[in-house]
Amino acid sequence: LSGLYLKVLEDLWEVDSGLNGDIKYISIDLSKAPGELTEGEKSAISYIFAKAHDKKCLQLSYEELIEQGYLKGDKPYYFEDGILFSIIDSMNAEEQYNGLRVIKFDAQKWRSGLGAYIFTDCTVSWPQQGTWKDYNVGAHAIS
């Protein structure tokens with residue numbers, strides 16, 4: 001799953017690149033990502049992705065960013081010098097179909113209430129004795 005999630009994060013990075021401008025931090029929240037990632041896997045994904053874009057790595061959720069003072073403003077908040085990526089389980093869905101493991105998730109990059117890009121209803125599947133080939137995005141949303 002690490003390779004898959006790195007690909008999803010990179011795909012989000014490429015879409016609406018204006019959101020990525022003038023940032024120092026990339027925070028990646030995988031706390032609700034499907035697939036039971038270990039803490040080491042979550043850290044590795046976050047570190048590799050942030051370093052690939054020459055940014056400081058954070059592993060904080062939206063709530064933790066607020067608590068630690070990274071988000072500015074009074075509701076609505078905005079991430080002035082960073083961007084938050086998150087991958088979440090959509091409907092706690094990991095299923096088996098005809099020998100294929102299927103995982104469903106949503107992914108987003110967020111800078112503010114008026115600056116976000118979201119992939120929804122994503123699915124990925126792969127055989128028990130192989131690897132995933134690609135994932136499908138059900139819908140895109142922009143704010």
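What the table below lists for this structure:
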quantity	calculated
Surface/4 of the Cα convex hull for region 10-89, nm²	5.5
Ellipticity estimate at 222 nm from DSSP helix runs (n ≥ 4, -39,500 (n - 2.57)) divided over the chain, nearest 500	-7000 deg cm²/dmol
Range of Cα positions in region 26-70 per principal axis (Å), largest first	29, 24, 13
0 to 90° range, to nearest 10: angle between helix 2-14 axis and the chain longest Cα axis	50
Qualifying aspartates and glutamates (Cα of each under 14 Å from Cα of Lys104; at least 8 residues distant if same chain)	Glu36, Asp89, Glu94, Glu95, Asp121, Asp134
Choice from Asp89, Asp54, Asp81 with maximal GNM fluctuation in the chain (Cα, 10 Å cutoff)	Asp54
Listed residues Ala107, Ala52, Ala116, most fluctuating in the chain (Gaussian network, C-alpha, under 10 Å)	Ala52
Listed residues Lys104, Lys24, Lys133, most fluctuating in the chain (Gaussian network, C-alpha, under 10 Å)	Lys133
Alpha-carbon Rg/Rh ratio, for the chain, with Rh computed the Kirkwood way	0.98
Per-pair calculated FRET efficiency, R0 = 25 Å: Glu10 and Lys32 via Cβ, rounded to 0.05	0.80
Built amide H within the under 5 Å cut-off of Gly82, gap 5+	Lys24, Tyr25
Residues of region 29-70 with amide N under 13 Å of a point placed 7 Å along Cα→Cβ from Asp81	56-57, 69-70
The chain - accessible surface per residue (Å², probe 1.4 Å)	55
Region 1-99: GluC sites (Glu not before Pro) falling in loop per DSSP and having at most 12 other Cβ within 10 Å	Glu36
Segment Tyr47-Trp126, length gained on full extension (0.36 nm per residue, minus Cα span)	25.9 nm
From phi via Karplus (6.51, -1.76, 1.60), per-residue ³J(HN,Hα) for region 15-25 in Hz, x at Gly/Pro	7, 6, 4, x, 5, 8, x, 6, 10, 10, 10
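The values are calculated or read from the model by the stated rules, or taken from the named source; none is laboratory data. Quantities reported herein were computed from a predicted structural model and do not represent experimental measurements. All Cβ positions, even for glycine, are placed from backbone atoms using ideal geometry, and neighbour counts span all protein chains on display. We work out accessible area using only protein heavy atoms, side chains counted, and drop any ligands, DNA or RNA first. Shrake-Rupley method; radii C 1.70, N 1.55, O 1.52, S 1.80 Å.
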